[in-house]
Amino acid sequence: MLKIKNLHASVAGQQILKGINLEIKAGEVHAIMGPNGSGKSTLASVLAGREEYEVTEGEVEFLGKNILDLSPEDRAREGLFLAFQYPVEIPGVSSNNFLRTALNQIRQYKGLEPMDAVHFLKRMKEKMSLVEIDQKLINRSLNEGFSGGEKKRNEIFQMAMLEPKLAILDETDSGLDIDALRIVANGVNKLKSKDNATIVVTHYQRLLDYIVPDFVHVLYKGRIVKSGDKSLAMELEDKGYDWIKVDVDGVVS
Amino acid sequence: MIDQLIDSFKKFELQLNGASKNSWHQIRKKAMESFSEKGLPKAKNEEYRYTQLGRILDKKFQFSDLSMVGRDSIHGENILFHDADAYHIYINNGIVDKEINSSLIANGLIILTLQEALGKYPKDIEAHLGNYSNKNNDAFAELNTIFSYEGVFIKVEKNANIDKPILLHYSGTDHLNQSIYQSRNLIIVESGAQVEIIESYSSFEKEEYFSNHVSEIVVEANAHFNYYKLQNQSNKTYHVDNTYIAQEKDSVVTSYIFTLEGKIIRNNLNFALEDQNCETHLFGLYVAHGDNHIDNHTVVNHKFANCFSNQIYKGILDDTAKAVFNGKIFVQPDAQKTNAFQSNKNILLTDTASMNSKPQLEIWADDVKCSHGCTTGQLDEEQLFYLRSRGISKSSARGMLLHAFVDDVLDKIKIDFLHDFVANEMNNRLD
Ligand SMILES: Nc1ncnc2c1ncn2[C@@H]1O[C@H](COP(=O)(O)OP(=O)(O)O)[C@@H](O)[C@H]1O
Ligand SMILES: [Mg+2]
């Protein structure tokens with residue numbers, strides 16, 4: 001589904017990603033871990049098409065297409081979804097109008113008729129109960145005045161509404177209490193199928209008790225320096241990142 | 001230029017015949033005296049620093065013949081809102097176009113030309129006409145006072161509640177080889193009365209002209225007044241608006257000004273809160289493109305205690321458009337417990353558009369709550385990216401953000417047909 005080859009990217013003249021290689025197949029869950037500042041969010045942003053990040057080398061193929069040339073909206077329409085680490089507040093834009101526009105522009109891209117109001121509301125109801133999000137939040141402007149946890153939950157709600165092929169969850173678990181974490185994880189698990197895939201970017205092994213990854217990768221200084229299965233996450237939880245840093249920095253320097 | 005004007009005034013006086021002896025003419029002479037000492041605003045004039053209207057108008061237009069223009073019939077059915085549920089008055093080139101007729105009669109509502117009012121309501125004319133504009137010494141207001149000879153007089157009698165908005169349609173043509181027009185209103189909302197008035201400015205032909213407007217408005221005790229201006233002339237029109245609103249005790253006034261088109265537009269909106277417990281709202285929305293130049297100057301003068309004023313002005317500037325905002329709030333020594341708020345927010349859609357925003361608070365009382373803020377910037381890149389990352393096109397995302405920006409002002413419009421028009425114009429402009 002997603003093939004990243006030797007991806008280099010820079011922002012503000014600074015090289016952040018220094019040769020990422022990663023392949024993700026349909027049905028898989030990949031966890032990306034790593035210390036702060038290692039480039040996890042940068043990778044997510046580059047995949048989603050944020051314009052201030054410049055790809056200086058490498059390729060990204062998504063469902064057989066080179067997506068690096070696509071606009072952010074077209075990547076989303078192809079089925080890519082990024083749950084932001086820090087979702088922005090957009091006062092004055094209603095969640096309803098926002099989601100309806102998004103959904104219908106995605107449908108239009110696929111050559112489908114717009115979804116009528118009745119079906120749209122039905123889907124809203126269904127997905128709201130899936131992620132246990134309150135109607136009151138949806139009635140407000142997009143993310144405006146939401147708590148950190150509410151924003152994260154709203155990201156998962158949007159994901160549920162848009163039914164992407166590949167979802168990238170950038171630290172969706174950070175700052176969530178156990179209840180909220182369970183709800184978010186539950187939402188993600190219910191949406192999982194053999195046709196879609198998930199990348200969970202996280203700091204904490206805790207999330208991986210709920211969303212069980214098939215692969216765990218450690219990103220450090222712009223490279224994936226270690227890959228393994230779930231047990232790697234356990235090991236990181238126990239030992240921290242220092243041993244990896246020593247490993248890598250020892251080799252590099 | 002002043003010599004040209006003095007000549008003009010002499011010709012004009014001859015045209016007035018006997019009318020040059022009445023009280024109105026004394027007001028003209030006073031304005032003429034003050035004007036001839038200074039002329040149009042010069043380059044260094046602080047109030048007109050960012051809008052060099054004096055120089056531009058002097059170059060573009062002839063001030064040698066500001067004599068009376070004839071009545072020039074226009075076709076009402078081409079005019080915006082002509083079929084709206086309202087009391088309609090048409091003013092073309094500053095002159096009331098159609099007879100003010102019986103369709104305008106409602107309980108407690110008096111609408112006359114100023115000329116007629118001079119005969120029928122001399123006390124009102126004497127008490128108010130020129131009383132506010134002459135005090136202010138704005139050169140354009142004086143020019144208007146000197147040369148206007150018709151205009152609209154509206155009086156809403158005590159405790160009357162007018163069922164429909166009064167809609168003043170202003171248009172300009174250049175049929176008469178005349179390119180400077182003065183239009184003028186005197187509006188009196190008596191105590192306990194309630195009324196909505198719309199001034200709608202449009203132009204048919206894409207000809208250059210300069211329209212110079214003055215409204216003097218008195219809102220008496222406990223009266224409610226909603227006042228709308230829609231400025232939608234052509235991109236060749238020069239327009240100056242001087243509006244003076246005097247509020248008495250317990251009165252509530254809400255003003256709205258929507259500026260959509262015009263070459264250079266300057267609005268001077270002056271509120272004087274003349275007694276306690278007045279409430280004042282000022283909403284403004286300007287959407288400028290091409291080489292539009294839109295300048296809003298406002299004054300809210302708190303003279304007595306326990307008054308409230310709130311101002312929200314928003315602008316969207318595209319292409320090489322320029323806008324100016326200057327908002328003055330005065331809180332006089334007696335105006336304790338004043339609440340005065342002001343906000344001016346602008347979005348620049350290009351690198352070539354520009355905004356000059358200046359709040360100016362002068363507070364002489366100590367127990368007051370005042371705040372002001374102004375922001376000018378581009379659309380928020382983070383917000384744009386967020387929307388696009390959900391599959392929304394760049395242009396739709398921009399449209400959504402711009403709508404979000406203007407909606408809180410649009411939502412304040414209480415007249416449906418006006419709301420729908422402005423909202424629709426926004427749709428066309430912003431998407
Ligand atoms: N927009 C940006 N401008 C400048 N530097 C950035 C920007 N985004 C990220 N960086 C830098 O890139 C590095 C990686 O950041 P990030 O991808 O957010 O790390 P992580 O998500 O792994 O904590 C950091 O050093 C950060 O300061
Ligand atoms: Mg991050």
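Looking at segment B:381-431, the accessible area is 40 square angstrom per residue; that uses a 1.4 Å probe and ignores ligands, DNA and RNA. Take the Cβ atoms of A:E126 and B:I56, set R0 to 60 Å, and the FRET efficiency comes out at 0.45.
Between their Cα atoms, which of A:K3/A:K65; A:K192/B:K394; A:K5/A:K25; A:K127/A:K151; B:K44/B:K303 are more than 19 Å away from each other? Don't jump to the answer; show the numbers that get you there.
Values: A:K3/A:K65 10 Å; A:K192/B:K394 30 Å; A:K5/A:K25 15 Å; A:K127/A:K151 15 Å; B:K44/B:K303 30 Å.
Cα-Cα > 19 Å for A:K192/B:K394; B:K44/B:K303; rest within.
A loss of 40 Å² or more of accessible area (1.4 Å probe, protein heavy atoms, ligands and nucleic acids excluded) relative to the isolated chain is seen in these residues of segment B:402-423: B:A404. A Gaussian network model of chain B, with springs between Cα atoms under 10 Å, assigns the largest mean-square fluctuation among B:D380, B:D319, B:D65 to B:D380.
Neighbouring Cβ atoms from other chains, within 10 Å of the Cβ of residues in A:94-100, number 2 on average. In this label model, B:S20 and A:I178 are separated by 9.6 nm, measuring between points 7 Å along each Cα→Cβ vector.
Backbone amide hydrogens, once placed in the peptide plane, bring A:I16 within less than 5 Å of A:A9, A:S10, A:V11, excluding anything fewer than 5 places away on its chain. Remark: mean inter-chain Cβ contacts per residue of B:267-273 equal 0, using a 10 Å Cβ-Cβ cutoff to other protein chain atoms.
A protection proxy built from the mean count of other Cβ atoms within 10 Å ranks the segments B:130-137, A:175-182, most packed first, as B:130-137, A:175-182. The long axis of helix A:148-162 is offset from the longest Cα principal axis of chain A by roughly 70 degrees.
If R0 is taken as 35 Å, the Cβ-Cβ distance between A:K5 and A:D116 corresponds to a FRET efficiency of 0.25. In this simple spin-label approximation, A:H203 and A:E51 carry label points 7 Å from Cα along the Cα→Cβ vector, and these lie 3.1 nm apart.
Its relative contact order, with pairs defined as Cα atoms under 8 Å and 6+ residues apart, puts chain B at 9 percent.
Its Cα gyration tensor gives the protein assembly as shown an equivalent ellipsoid, and the semi-axes of that ellipsoid, as √(5λ) in whole Å with the largest first, are 63, 25, 23.
Between B:N131 and B:H82, the C-beta separation translates, for a Förster distance of 45 Å, into a calculated FRET efficiency of about 0.85. Rounding to the nearest 10 and keeping the result within 0 to 90°, find how far the Cα-based axis of helix A:95-109 lies from the longest principal axis of chain A. Result, in degrees: 80. In segment B:293-371, Rg over Rh equals 1.11, where Rg is the alpha-carbon radius of gyration and Rh the Kirkwood radius from pairwise Cα distances.
Shielding value for B:295-308 is 0, the average number of Cβ atoms from other chains within 10 Å of each residue's Cβ. The distance from the alpha carbon centre of segment A:53-91 to that of segment B:1-72 is 63 Å, rounded to a whole number.
One compactness figure for chain A is 1.01, namely its Cα radius of gyration divided by 2.2 N^0.38 Å. The distance separating the Cα centre of segment A:155-172 from that of segment B:365-379 comes to 39 Å. Find the centroid of the Cα atoms in segment A:16-50 and in segment B:143-197, then give the distance between the two in whole Å. Segment A:16-50 and segment B:143-197 have Cα centres separated by 66 Å.
Principal-axis analysis of the Cα atoms of chain B puts helix B:416-430 at an angle of about 50° to the longest axis.
Both radii come from the Cα set of chain B: Rg as radius of gyration, Rh as Kirkwood radius; their ratio Rg/Rh reads 0.96. In plain terms, if you count all Cα to Cα distances in segment B:381-431 and split them into 5 Å steps from zero, the share in each step is 5, 21, 26, 18, 14, 9, 6, 1 percent.
Where in segment B:322-343 does the amide nitrogen come within less than 17 Å of the point 7 Å from the Cα of B:R429, taken along Cα to Cβ? The answer is B:322-325, whose backbone nitrogens lie closer than 17 Å to the label point. Listed by chain and number, the aspartates and glutamates whose alpha-carbon sits under 15 Å from that of B:K10, ignoring those within fewer than 8 places in the same chain, are B:E33, B:D65.
Placing dummy labels 7 Å off each Cα toward the beta-carbon, the span from B:K120 to B:N339 is 4.0 nm. With contributions of -39500 (n - 2.57) from each DSSP H run of at least four residues, the per-residue ellipticity at 222 nm computed over chain A stands at -12000 deg cm²/dmol. From most to least packed by mean Cβ count within 10 Å, the peptides B:350-358, B:273-281, A:3-11, B:37-45 give B:273-281, A:3-11, B:350-358, B:37-45.
Across B:L260, B:L109, B:L14, mean-square fluctuation computed from a Gaussian network of chain B (C-alpha pairs under 10 Å connected) peaks at B:L14.
Both chains summed, the buried accessible area for B and A stands near 2000 Å², from protein heavy atoms and a 1.4 Å probe.
The values are calculated or read from the model by the stated rules, or taken from the named source; none is laboratory data. Predicted model only: the values in this text are computed from it and were never measured. Please note: Cβ atoms are built from the backbone with ideal geometry, for glycine as well, and neighbour counts cover all protein chains shown. For accessibility, only protein heavy atoms count, side chains too; no ligands or nucleic acids. Shrake-Rupley method; radii C 1.70, N 1.55, O 1.52, S 1.80 Å.
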